[in-house]
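Just below is one structure, and these are the notes that go with it.
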Amino acid sequence: MLQDERLEAIVQYLNEHERIDIETICKINNVSKDTARRDLINLEEMRKIIRIRGGAKKALLSNEVHNYGERMNMASEAKGKIGKFAASLINNGDHLILDASTTVQFSAKYLTSQNNTVVTNSINIASVLSQREDIKVNLLGGTLSTRHQAIYGSRAIRDIQDYKVNKCIIGTCGISAEGLSTSIEEEGLLVHEMIKRSDQVIVIADSTKFNKTFFQKVCDLNSVDIVITDKEVPKNMQEILNKHVVEVIVVPSHERDE
């Protein structure tokens, strides 16, 4: 087994169990204790684990920060598939909030319902929807982040408080037992307010987002109604989502971004 495969096997185990000992690593990867220890050192340097006596535990805090272009290219096929399915849940005439997630941009692209009113802080989503004469777009005011192609700040938060909508579709950097979280503080504060203004909260996230926690908390899981993803949710997260009565939808594999 190659080193990359061994490291991935350890990370996958930790996604399910949160802790792993040296003996378990030796068993699942068929390696010596010395090799297992070296693999843990590599994972610690990558900030994916925290080494503890006799093994390791999952590093709960993630520090990944990518700009909009980088995020748009990450897991783009999965994002297209998820976004398209989320768009199919929108009814004619629905009032919507769409956040500035790259996955949500795919929902805007595939929106087939008519006569919708959309509130967003995303300049890219506003551009996509500007091609639709039957959709009214309300773009929040505030400070433009060119790095994230989104509008944030106290003005945007004040603006969103004036609205009430049927549904909001939001992305997330991480979903864990702690709730939804993001690496961008301004985003977390704004999306928290978006959630409060919606009758139904739909979270769209590819499978890499589960069991991750970032610096800024967005909301608890009991604020979420539906999670749409592209693969089976890790067992521990499925149990947690069930506890909070969150509906999980795994988009069929034959659904493609066309």
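The values are calculated or read from the model by the stated rules, or taken from the named source; none is laboratory data. These numbers were taken from a predicted model, which means no experiment stands behind them. A quick note on method: Cβ atoms are made from the backbone with ideal geometry, for glycine too, and the neighbour counts reach across all protein chains shown. For accessibility, only protein heavy atoms count, side chains too; no ligands or nucleic acids. Shrake-Rupley method; radii C 1.70, N 1.55, O 1.52, S 1.80 Å.
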With the checklist (1) touching a Cys at 6+ places or on another chain (Cβ under 9 Å); (2) under 23 Å from residue 87 (Cβ atoms) in hand, flag the one item residue 164 doesn't pass. (1)
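Is it the case that residue 154 is over 21 Å from residue 202 (Cβ atoms), without any contact (Cβ under 8 Å) to a residue 60 or more places away in the chain, out of contact with any Pro (no Cβ under 9 Å at 6 or more places or on another chain) and not acidic (Asp, Glu)? Don't jump to the end; show me each part of the working.
Values: over 21 Å from residue 202 (Cβ atoms): yes; without any contact (Cβ under 8 Å) to a residue 60 or more places away in the chain: yes; out of contact with any Pro (no Cβ under 9 Å at 6 or more places or on another chain): yes; not acidic (Asp, Glu): yes.
So residue 154 passes the test.
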Single unsatisfied condition, residue 257 versus (1) at pLDDT 95 or above; (2) more than 15 Å from the chain's Cα centre (by Cα): (1)
Scan of the stretch 158-177 for residues that are under 23 Å from the mean Cα position of the chain (by Cα) and crowded, with 18+ Cβ neighbours inside 10 Å, ordered by number: 160, 165, 167, 168, 169, 170, 171, 172, 173, 174, 175, 176
Does the stretch 101-113 include one or more residues that are under 18 Å from the mean Cα position of the chain (by Cα), under 17 Å from residue 204 (Cα atoms) and in a loop (DSSP other than H, G, I, E, B)? yes
Could you grab me the full set of residues in the stretch 13-47 that are touching a residue at least 24 places away in the same chain (Cβ under 8 Å), within 24 Å of the chain's Cα centre (by Cα) and open to solvent by less than 70 Å² (accessible area, probe 1.4 Å)? 14, 15, 43
Among the residues of the stretch 138-149, is any in contact (Cβ under 8 Å) with a residue 60 or more places away in the chain and open to solvent by less than 20 Å² (accessible area, probe 1.4 Å)? yes
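Residues 138, 166, 116: which one is modelled with pLDDT of 95 or more and in contact with a Lys or Arg (Cβ under 9 Å, 6 or more places away or on another chain)? Steps first, please.
Working: 138 fails: in contact with a Lys or Arg (Cβ under 9 Å, 6 or more places away or on another chain); 166 fails: in contact with a Lys or Arg (Cβ under 9 Å, 6 or more places away or on another chain).
Sole residue among the options that is modelled with pLDDT of 95 or more and in contact with a Lys or Arg (Cβ under 9 Å, 6 or more places away or on another chain): 116.
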Condition met for residue 186 (closer than 21 Å to residue 152 by Cα and over 14 Å from the mean Cα position of the chain (by Cα)): yes
Among 101, 76, 107, 122, which is the only one that is among the polar types (S, T, N, Q), modelled with pLDDT under 90 and open to solvent by less than 60 Å² (accessible area, probe 1.4 Å)? 76
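Would you be able to say whether some residue in the stretch 206-228 is acidic (Asp, Glu) and farther than 29 Å from residue 14 by Cα? First the steps, then the outcome.
Initial filter on the stretch 206-228 (acidic (Asp, Glu)): 206, 220, 225.
Cutting the leftovers down to farther than 29 Å from residue 14 by Cα gives us none.
So far as the stretch 206-228 goes, no, none of its residues is acidic (Asp, Glu) and farther than 29 Å from residue 14 by Cα.
For (1) out of contact with any Cys (no Cβ under 9 Å at 6 or more places or on another chain); (2) open to solvent by less than 10 Å² (accessible area, probe 1.4 Å), each residue gets a yes or a no:
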| position | (1), (2) |
| --- | --- |
| 189 | yes, no |
| 194 | no, yes |
| 197 | no, no |
| 203 | yes, yes |
| 207 | yes, no |
| 227 | yes, yes |
| 231 | yes, no |
